[in-house]
Every structure is written in structure tokens, then in C-alpha cells.
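Asks: This structure is in C-alpha cells; I'll ask about it shortly.
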Amino acid sequence: MTDERPVLVATEADDLTADMVINELNRRGVPVTRFNPADIGAALTVSAQFGSCPAPVAGQLRTPSRTVDLAQVRSVYWRRPVWPAFGHLGPDDARFAAAQTRYGLGGTLYALDGPLWVNHPLHNAAADYKPAQLAIAQRLGLTVPPTLVTNDPHEARAFVGSHDQVIFKTLRWTPYQRDGVPVTGWADPVTATEINESVAVVPHLFQAVVDKAADLRVLVVGREVFAVRIESEMLDWRKDYSALSYRVVDLPGRVEKALLAYLEHFGLVSGSFDLAVDKAGDLWWLELNPNGQWGWLEESTDLPMSAAFADLLTQGVAP
């Protein structure tokens, strides 16, 4: 019997990675409804009832082309959704409207206990704190570079001075402009003389540089693990994708086991891990992006990543 339960895909309008998964689901004949929270209003409607029906949650989510019975949702791919900012409203009204949307639409979706989430946004948020990532990685036996999180300039200078090379990394990416020009927070070298009293304003993350030979991007989808070695001469390979080359590799068994345990710790079913390979071939933990990019890696390596996501979303249950 054909399973007509739909898969929900929450993402922004232009998301080529989501397109790859949706195309794979369409090829398999799996019903898909794509939506973006920013479209709330005429292009997105939600109605839900609680307490007046046998099911804990009953209702519908409607887009211009689809109507979804919330009780029948098979799985939710929470990819790159954008919440509305209501820029046409005044500041107070905009804050109010944004909060009602996040807690109304978001709260209704979070209340669904039937579908598989890839990943649940509340679990994504819990896993997105770099200090927690570092501690859990070390607890699971992964090798973590010496790292300092501080807003004490004296401690920062001492840490930087005690290592051959140190980088500064943002604790959380946020949209940022300088003189009207968007600025990206790369992993950049820092010296002790560059640290001034402005460090005291907010916590900063400083990390000893791994003497690396290459980087690894590891995508885990359910229990499937895709590891790609990224060859580059750059400290931060994201600065120039055209200068990169790729090679599919196998992870040591203990590292693969630790990464799966890491996702399980945070209640995630997928994640993109960044590791560094040093000159001796040993692996060093860098970070996890619970919802990281991977589409360009499938195109470069032919690894069946989108098929793995389609498998997981079609099954609708965690492995």
C-alpha cells in the first residue's frame, strides 16, 4: 500500500541543497510540501486545535499549492528556514509579530510527536554552542585543540603567547556589516599584540592551530557516514572553494563511533562535522554544524548524500 503521508521541508526560497533532496523524494513518488516561515500570511497558513479532538494536535498547514494534515506528517526536514522580520511594521509591532509567529507556527510544529525531525530545531540549537561542543567531543575521546573562551585580555594574551600559532573564531555566526559591506567571520590568525581591552566586552574563542595536512568534512545521515578529505593550503578552506580538491576516505572506527555517539548525545539524526588531519595523520576535532552544507560535496564526489537524506525522510523513523 502506498504511503501518502507527506514530508515537510522547511527552508528558504533559494536552497540548492534542499532542492537535491526534494528532487530525490519526487523521483521516488514521496509527497513533499516545501514552506518557509517567512511566508506567513497569504502564502502560508497554519491552523491547529488542541484539547477538542482525540489527537493531541489536529490541524493543517497550507501553502498556495499544498494542504497538509498535521497529524499525517511523515517527517520534517528542517533545513534553512527563515523567520519573518516584519520590516513593514514599527519596531514594537515587528517584535510582537515575530514572537507570535515563532511560538505559534514553531510551537505547533514542535508539538507534533509523530514525524521524524532532521533535525529538530530545539536540538539543533542545543548543539550549536561551541564550548559545549568542545567539552562533549573530548568526553567522547576525540582530540580537541587547546582552546580558550574568555573576555579577559590578560588571559587571552597569555594563551596566545604560549602557543606557536593561534586563531580567533566567532562563537556564533551572525549577519555582520562593516561600512555597509557584509563581513564573514573566518578563522583568522591572531597575535598577542593585537589583543586589546576591547576583548573585555564579550567572550572570544581562541584556539591553537593544528599543524594540519588537510581537512575532513564528515556528513552523518542516520547511520550513514560520508567522509571527504579536503586538500587546501589555506588555514580556513572556506575562503576559496575553487582552490580545493576532494577525496573520499574512511574514518577510523573509533572516530566514526564517537561521531555517532555525539549526535545521539544531542538527539540529532544528522550533522556535518569538521575535523583536521595533522602531518602524522591524526584527527583533531574542530566543530559540528548541525545543519551544515554538503551539496557541493555530492557534486564533487558522487557520494549518494541526497539519497541518504531521502531514505531517512521516507522511512520517517530514526535509525
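Asks: Test of understanding: among 156, 214, which residue is outside any helix (DSSP H, G or I) and surrounded by 12 or more Cβ atoms within 10 Å (Cβ to Cβ)?
Replies: 214
Asks: Residue 316: in contact with a strand residue (DSSP E or B) (Cβ under 8 Å, 6 or more places away or on another chain) and touching a residue at least 40 places away in the same chain (Cβ under 8 Å), yes or no?
Replies: Taking the combined requirement at face value, the residue satisfies it.
Asks: Looking at this structure, is residue 137 in a helix (DSSP H, G or I) and surrounded by fewer than 17 Cβ atoms within 10 Å (Cβ to Cβ)?
Replies: no
Asks: Please go through segment 3-26 and give me each residue that is loosely packed, with under 15 Cβ neighbours inside 10 Å and either within 14 Å of residue 62 (Cβ to Cβ) or touching a residue at least 24 places away in the same chain (Cβ under 8 Å) (or both), ordered by number.
Replies: 3, 4, 12, 16, 23
Asks: Continuing with this model, one more query. Confirm whether residue 59 is outside any loop (DSSP other than H, G, I, E, B) and in the same structural domain as residue 16 (by TED's automatic domain parsing).
Replies: When the stated conditions are applied, residue 59 passes them.
The values are calculated or read from the model by the stated rules, or taken from the named source; none is laboratory data. This structure is a prediction, so every number in the text was calculated from the model and none was measured. Heads up, the Cβs are rebuilt from the backbone with ideal geometry, glycines too, and the neighbour counts pull from every protein chain shown.
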